[in-house]
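Presented below is the structure to which this report refers.
The values are calculated or read from the model by the stated rules, or taken from the named source; none is laboratory data. Predicted, not measured: the structure shown is a model, and the values here were computed from it. Cβ coordinates were reconstructed from backbone atoms using ideal geometry, including for glycine residues, and neighbour counts include every protein chain displayed. Calculation scope for accessible area: heavy atoms of the full protein, side chains included, ligands and nucleic acids excluded. Shrake-Rupley method; radii C 1.70, N 1.55, O 1.52, S 1.80 Å.
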6 protein chains.
Amino acid sequence: MAEFTHFNEEGRAKMVDVSEKPETVRTAIAHSSITVNKEIYEKITQDKMKKGDVLAVAQVAGIMACKKTSEIIPMCHPIPLTGINITFAWEQDGDNYRLEITASVKTKGNTGVEMEALTAVSATALTVYDMCKAVDKGMVIGQTYLVEKTGGKNGDFSRKEKLK
Amino acid sequence: MAEFTHFNEEGRAKMVDVSEKPETVRTAIAHSSITVNKEIYEKITQDKMKKGDVLAVAQVAGIMACKKTSEIIPMCHPIPLTGINITFAWEQDGDNYRLEITASVKTKGNTGVEMEALTAVSATALTVYDMCKAVDKGMVIGQTYLVEKTGGKNGDFSRKEKLK
Amino acid sequence: MAEFTHFNEEGRAKMVDVSEKPETVRTAIAHSSITVNKEIYEKITQDKMKKGDVLAVAQVAGIMACKKTSEIIPMCHPIPLTGINITFAWEQDGDNYRLEITASVKTKGNTGVEMEALTAVSATALTVYDMCKAVDKGMVIGQTYLVEKTGGKNGDFSRKEKLK
Amino acid sequence: MAEFTHFNEEGRAKMVDVSEKPETVRTAIAHSSITVNKEIYEKITQDKMKKGDVLAVAQVAGIMACKKTSEIIPMCHPIPLTGINITFAWEQDGDNYRLEITASVKTKGNTGVEMEALTAVSATALTVYDMCKAVDKGMVIGQTYLVEKTGGKNGDFSRKEKLK
Amino acid sequence: MAEFTHFNEEGRAKMVDVSEKPETVRTAIAHSSITVNKEIYEKITQDKMKKGDVLAVAQVAGIMACKKTSEIIPMCHPIPLTGINITFAWEQDGDNYRLEITASVKTKGNTGVEMEALTAVSATALTVYDMCKAVDKGMVIGQTYLVEKTGGKNGDFSRKEKLK
Amino acid sequence: MAEFTHFNEEGRAKMVDVSEKPETVRTAIAHSSITVNKEIYEKITQDKMKKGDVLAVAQVAGIMACKKTSEIIPMCHPIPLTGINITFAWEQDGDNYRLEITASVKTKGNTGVEMEALTAVSATALTVYDMCKAVDKGMVIGQTYLVEKTGGKNGDFSRKEKLK
């Protein structure tokens, strides 16, 4: 049975020793979303709202939060990230619109970047909420999860189905 | 029609001027969750896993991230928070278990703390993921949303139904 | 003769006591610029470069750095900023183009926000450099200075001439 | 019997609600020290070592860490400090020399600044260690404690005896 | 005679060049303590206080501060830590109780982690103080020092006697 | 024609992938300045002002900001710096005095440190402004630019003429 690795011999949290793990290229892709009403959707996407600016700010926020992951997640190793990319797609959802948010993160290091990718999409979604909340506070951030990871001795991970 | 307030006359992002808004007590409650498999649930909640430690770490993470909100969300005002409380509840969900995460945040200031509450629950959920991901990377962070806010001139907000 | 206020009785640096200064609305406006070649100017401003994105990122950087001022400038007081706005203008300068950067910052507190405005324009200019340096590393950040301040007991300040 | 105030109804940590506490001027003084050998003492204090630089750097470190207190101490409230002053004194201690470090911190807020003063002296002592450790790693940071606090409803505190 | 290495040719502080130092596994162990009265000891260790929570929070604080070392200590190199572990032990000390705090830190890099270990134990002790200060502000943080370091060209260090 | 490298396929900002770039020693030198009036110059340089302290604080600020570069510049990679050195020189400029500020930064990594050197000189100049602004708010920070870079596949860069 797999063991939690974040605990020391006293049963308390520690930052696990990864100094013997190989330094390889590692990637992770995470996904989140935020559902907004039609008014917000139109303001974000149409010319009225200087198209794209909400997304531009949210994307910068996602990238900067990604670099802060080890400051936000207590047992997460500080790791020099080599690449971060955040992309967007809109899907209609009944009367509402869902902004799909995907982050890919890459490193050449001795531990994975799953948390970095998850933190990036979370901060991106939170920023969209912040920039639009004057119009409607009822927006909902959708399910947030790891889509894929590669690299490292524990094998790759890939989620089959898409959630929302 | 409500206007986005985060944009300046050039249509670019700015941090809006709140210096004329009244300094009042303001509260916000936000909610998130994370669904884990039975093995993780048992490790977290039973004696084997030094019950509560995962949650203790996650809670500290949520509180510390809450204080970092204005560093994570670009247009968010720095605001001296006066209180933060994060609580947990477990619900069974088929074969899985869902950890319900609620954060209440309070300030005495001239802008609301919705983003602080949302950031707190997000960081809490991300930390649970981090501490348990050696067992299963398939955990999913559930919907994240504002439950309630009070204080400020724009009126209170309260979400009726509970999401998951 | 005016005295430096950042030094203690041992002649060493301290963060001066402002607890008796009145809590009033204070504003500051600072200015910087960055001179780029024609190729960069065109890439930033024409459709080819998804117009405005460099400036959008630089602006977010300026706002976030502004909030970090007391972390960057050692003797600067942490102060809850109430508003930040960064604006841009282009001026031709021989064969080159100069991006004029202006930041206005506002607070309701017991110390001024000159450093916050200066930090905002500096970070904005540095970010433009970063985003364009793959094209030309010869860009030069122009003079950086305080344009105006209001509020506080020491009187207002206003620079007459414009520098570049 | 006094109760711990940092725990919520589930017995977990929270950042306690101080929004009803009065906003008054509050001060705290903390003390630490570091004992160094004669060689280090002479290098710091004599002309050879550009007298005072180690202390100048350590003092800046103490002031900057003081402003970071709520990022370092999880349940500590973010609070806008109004003044920080760090002073030094040398005392001979057998063959060694003890650098006495005192920090006074002031705020006008609704919670005390004991942790800020304690964090300031700790960071100052750690920085002296860092700057001199190439000469001797055997330096010892002495006892660190609160000397005095004033302001707030719980009454003032003053430690009678001096520790080392 | 050993030279201070943190100063440049002008006698001012610099962050020394370590790019030619070998990248090897390096470890450091540091020690601190905090002496508390019987009431606090019992609240922390007995069931009344949900045993362990003060220590759990303090430990998370120590680990997170350890990762922040290069932000707190001015001339300290940023270095990707590979492991951090903090352990506790109680010793009776007359009517009082002393919590012994030990941190072990590991990296694979070109500079040592002494400061990281010292910062970890300091932040841990400060957090215990913060969580218990509502009961008694007279707690004293004990001597803080390096116990051991390994790795790097300057040889290992090991302190023989135990201090308190 | 050189392409901007900070944009993804949607034309939005990303942190470019450097994981395939070779890990080599890289250096960068940047320059800035600040022009002050005679009164400030004399206070900084003569005995009255405990000579050098303004510069000591400014230098620490420059070094600490240098380490924060990837937090300030959104698309900048976090990179473990191996050395930072900041030097000063005074030049008379009519009735005023110009403090010349030079920063050299070194790393062994897979991306350059131009932004780190530029951020270091900017923060140094801003700190001089902050420490002297009680005497005169009319100080002007001079042109800020890259002097030289070495290392990396894109070739070295060296600016011929000196700017002010």
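Has region E:117-140 got any residue that is in contact with a strand residue (DSSP E or B) (Cβ under 7 Å, 6 or more places away or on another chain) and part of a strand (DSSP E or B)?
Yes, region E:117-140 contains at least one residue that is in contact with a strand residue (DSSP E or B) (Cβ under 7 Å, 6 or more places away or on another chain) and part of a strand (DSSP E or B).
Could you tell me whether F:ILE29 is within 14 Å of chain E (Cβ to nearest Cβ), in contact with an Asp or Glu (Cβ under 7 Å, 6 or more places away or on another chain) and assigned to a strand (DSSP E or B)?
yes
Restricting attention to region E:78-113, and to residues there that are of a type in the set (A, V, I, L, M, F, W, C) and closer than 30 Å to D:VAL16 by Cβ, which single residue is nearest to the other protein chains (Cβ to nearest Cβ)?
Filtering region E:78-113 for residues that are of a type in the set (A, V, I, L, M, F, W, C) and closer than 30 Å to D:VAL16 by Cβ, the one nearest to the other protein chains (Cβ to nearest Cβ) comes out as E:ILE84.
Working only within region F:86-109, note down all residues that are open to solvent by 10 Å² or more (accessible area, probe 1.4 Å) and either farther than 24 Å from F:MET139 by Cα or of a type in the set (A, V, I, L, M, F, W, C) (or both).
Passing the criteria: F:PHE88, F:ALA89, F:TRP90, F:SER104, F:LYS106, F:LYS108.
Name the single residue, out of those in region C:33-48 being open to solvent by 20 Å² or more (accessible area, probe 1.4 Å) and under 19 Å from C:THR102 (Cα atoms), that is modelled with the highest pLDDT.
C:THR35
How many residues does region D:114-164 hold that are out of contact with any Lys or Arg (no Cβ under 8 Å at 6 or more places or on another chain), more than 18 Å from E:THR35 (Cα to Cα), within 7 Å of chain E (Cβ to nearest Cβ) and open to solvent by 10 Å² or more (accessible area, probe 1.4 Å)?
Final tally of qualifying residues: 2.
Tally the residues that are in a helix (DSSP H, G or I) and free of Cβ contacts under 8 Å to residues at least 40 places away in the same chain, restricting the search to region B:71-106.
Total meeting the criteria: 1.
Got a number for residues in region B:96-135 being of a type in the set (Lys, Arg) and within 26 Å of B:ILE79 (Cβ to Cβ)?
2
How about region B:69-85: which of its residues are within 11 Å of the chain's Cα centre (by Cα) and open to solvent by less than 10 Å² (accessible area, probe 1.4 Å)?
The answer is B:THR69, B:ILE84.
Can you name the condition, by its number, that D:ALA30 falls short on among (1) at pLDDT 95 or above; (2) open to solvent by 40 Å² or more (accessible area, probe 1.4 Å)?
(2)
Looking at region A:49-68 only, could you name the residues that are at pLDDT below 95, of a type in the set (Lys, Arg) and out of contact with any strand residue (DSSP E or B) (no Cβ under 8 Å at 6 or more places or on another chain)?
Of everything in region A:49-68, just one residue is at pLDDT below 95, of a type in the set (Lys, Arg) and out of contact with any strand residue (DSSP E or B) (no Cβ under 8 Å at 6 or more places or on another chain), namely A:LYS51.
Determine whether region C:57-68 contains at least one residue that is within 28 Å of F:GLY11 (Cβ to Cβ), in contact with a Pro (Cβ under 7 Å, 6 or more places away or on another chain), open to solvent by 10 Å² or more (accessible area, probe 1.4 Å) and within 11 Å of chain B (Cβ to nearest Cβ).
Yes, because at least one residue in region C:57-68 is within 28 Å of F:GLY11 (Cβ to Cβ), in contact with a Pro (Cβ under 7 Å, 6 or more places away or on another chain), open to solvent by 10 Å² or more (accessible area, probe 1.4 Å) and within 11 Å of chain B (Cβ to nearest Cβ).
Since C:VAL36 meets every condition but one in (1) touching a Phe, Trp or Tyr at 6+ places or on another chain (Cβ under 9 Å); (2) without any contact (Cβ under 8 Å) to a residue 24 or more places away in the chain; (3) of a type in the set (A, V, I, L, M), which condition does it not meet?
C:VAL36 satisfies all of (1) touching a Phe, Trp or Tyr at 6+ places or on another chain (Cβ under 9 Å); (2) without any contact (Cβ under 8 Å) to a residue 24 or more places away in the chain; (3) of a type in the set (A, V, I, L, M) except (2).
Among the residues in region C:2-19, are any outside any loop (DSSP other than H, G, I, E, B), open to solvent by less than 10 Å² (accessible area, probe 1.4 Å) and away from chain D (no Cβ under 14 Å)?
no
Working only within region F:69-83, note down all residues that are modelled with pLDDT of 95 or more and either β-branched (Val, Ile, Thr) or under 23 Å from E:ARG12 (Cβ atoms) (or both).
Within region F:69-83, F:THR69, F:ILE72, F:ILE73 qualify.
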